[in-house]
Structure formats: structure tokens, C-alpha cells
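Report on one structure; see the data block that follows.
The values are calculated or read from the model by the stated rules, or taken from the named source; none is laboratory data. Treat the numbers as computed from the prediction; the structure is a model and nothing was measured. Cβ sites come from the backbone with ideal geometry, for glycine too, and all protein chains shown count toward neighbours. Remember, those area values only see protein heavy atoms, side chains included, never the ligands or the DNA or RNA. Shrake-Rupley method; radii C 1.70, N 1.55, O 1.52, S 1.80 Å.
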Amino acid sequence: MAKKNAETSQQTQIMDKLVSLCKRRGFIFQSSEIYGGINACWDYGPLGVELKNNIKQAWWQAMVYERDDIEGLDASILMHPKVWEASGHVENFTDPLVDCKSCKLRFRADQIPEENLKLKKCPECGGELTEPRKFNLMFKTFMGPVEDEAHIVYLRPETAQGIYVNFENVYVSMRRKIPFGIAQLEKLSETR
Ligand SMILES: [Zn+2]
């Protein structure tokens, strides 16, 4: 256990160095940094956006322009909720999570030490943990000003569904014959 903790702390130190280097050199900044930052969101700096665009272009060149059996696509990142019901994401895109009743932090049950899970003890503050509960991991928001069930939409948790639901559109409009492929890039600025 002590070894694992030492490894984790070494990884955290390396990550901290990397983040600070990326910031100093203008590649990546933490989102909303002047207000304390927002977890898991990052902004590409002047050099970061150039690097990102170069990688996207190289990928598009190899995947779309240099092949005659692939079409390109750029689908909306918000899709009809029925797409995610049909794909099984609403039901199955879940992780068991536990909450700390004292410090209110939330952990993935499979990512905290087994001992803590068994004793229901928070790895951060030692407070009591809830039973593991299933949480859907899709990013949920509401389309329009009304926040009710009928207006729920999800930020796409994967790129492929945009390709699947547009298959017929591409097939017909490009006069394709099967087999052919559809290529799409994820929005790299989405939260990670
Ligand atoms: Zn706690």
C-alpha cells in the first residue's frame, strides 16, 4: 500500500511539473484559472492550438484525403436523448460511486483502497462513506430555458453515434456503395 501511495505521489509530482511547463510555454492553461480553475477543463494557448490543429490536419489528411473509401463528417455534440437510449448509454454508461458524508467528496468505488470501501471510511478526511450507487457519467444539460425532463440533452460521450445516425445521409448524398467509412474528429476542447 505504502509503495502504491509513493507511486501515486510521484505521478502527481510529474503531472504538476508537466502542467506548469505547458503553461509557461503557452501550450495549455487551466480553464478559468483566475477564479481558481475548473476541474478537468483546459484551454489551449497560442502554441497549443497550433499543435492541436496540426495534429487534426495530419489525421484528416491520412484518414480522409488520402483514401477514396472514407467520407468526412462533423456532427453536432448535442444529440437527441433517444440516441443515447437506443445505444444503451442511458442505462449502462454508469460507474458505482460513493460519497463522503463529511467532506462531500465523491469517489469511484473501484478507485479507492478496498480497506476504505470495507470500513466505509473516506480516504481524504476519514468521514463516513455512503453505499456505492450507480451514476450515469454522461454530461447532462437542458435545451432551452426550461429545465424539465422533456428538455434534457446529453453532451455526446462518444463520437461514433454521430456517424451511425448520419449513415444514410452520407450514403445517399455521396452516392456511396457499401463498404465505405465515415471519419469524424472529436471536439478536442470538450472536457476530459
Ligand atoms: Zn471525506
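When a/c reaches 1.5 or more, the comparison of a/b and b/c decides; with that in mind, is the stretch 97-136 rounded, prolate or oblate per its Cα gyration tensor?
Here the stretch 97-136 falls in the oblate category.
So what are the ³J(HN,Hα) numbers for the stretch 81-93, from phi and the Karplus equation (6.51, -1.76, 1.60; θ = phi - 60°), rounded to whole Hz, Gly and Pro as x?
Whole-Hz 3J(HN,Hα) from phi for the stretch 81-93: x, 5, 4, 7, 6, 5, 6, x, 5, 4, 7, 10, 7.
Per residue, how much accessible area does the chain show when a 1.4 Å probe rolls over the protein heavy atoms, in square angstrom?
73 Å²
I'd like the per residue volume of the convex hull spanned by the Cα atoms of the stretch 1-66, given in cubic angstrom.
Once divided by residue count, the hull of the stretch 1-66 is 133 Å³.
Considering Cα pairs under 8 angstrom that are at least six residues apart, work out the relative contact order of the stretch 1-66 and quote it in whole percent.
22 percent
Provide the net charge surrounding Glu128, with neighbours chosen by a C-beta distance below 15 Å and charges set as Lys +1, Arg +1, Asp -1, Glu -1.
+3
Enumerate cysteines in the chain without a disulfide-compatible partner, where compatibility requires another Cys Cβ under 4.7 angstrom.
Cys22, Cys41
Can you tally the net charge around Gln30? Count Lys and Arg as +1, Asp and Glu as -1, for every other residue whose Cβ sits under 9 Å from the Cβ of Gln30.
With Lys, Arg at +1 and Asp, Glu at -1, the neighbours total -1.
For the stretch 105-192, what does the relative contact order come out to in percent, with C-alpha contacts under 8 Å and a separation of six or more?
The value is 14 percent.
Given a 1.4 Å probe and every protein chain left where it sits, what share in percent of the accessible area of the stretch 1-66 is carbon and sulfur?
Summing carbon and sulfur atoms, their accessible area is 59 percent of the total for the stretch 1-66.
Past 24 Å, Cα to Cα: identify those pairs from Lys52/Lys177; Lys23/Lys52; Lys82/Lys187, in the order given.
Check vs 24 Å cut-off fails for Lys52/Lys177.
Share of antiparallel DSSP beta bridges in the chain, in percent to the nearest 5?
Antiparallel bridges: around 85 percent, rounded to the nearest 5.
Working from Cα positions, state the angle (0 to 90°, nearest 10) between the long axis of helix 2-24 and the longest principal axis of the chain.
50 degrees
Which listed residue (Met79, Ala62, Phe29) has the Cα farthest towards the positive end of the charge dipole for the chain, taking +1 on Lys and Arg C-beta and -1 on Asp and Glu C-beta about the Cα centre?
Phe29
By the scheme Lys and Arg +1, Asp and Glu -1, what is the net charge of all other residues having a beta-carbon under 13 Å from that of Gly45?
Net charge in that neighbourhood comes out at +1.
Would you please give the residues with an amide H less than 5 Å from that of Phe142, counting only those at least 5 places away or on a separate chain, with H modeled from the backbone geometry?
Amide H neighbours of Phe142, under 5 Å, 5+ apart: Val153.
Taking N as the number of residues in the stretch 50-192, what is its Cα Rg relative to 2.2 N^0.38 Å?
Output field value: 1.43.
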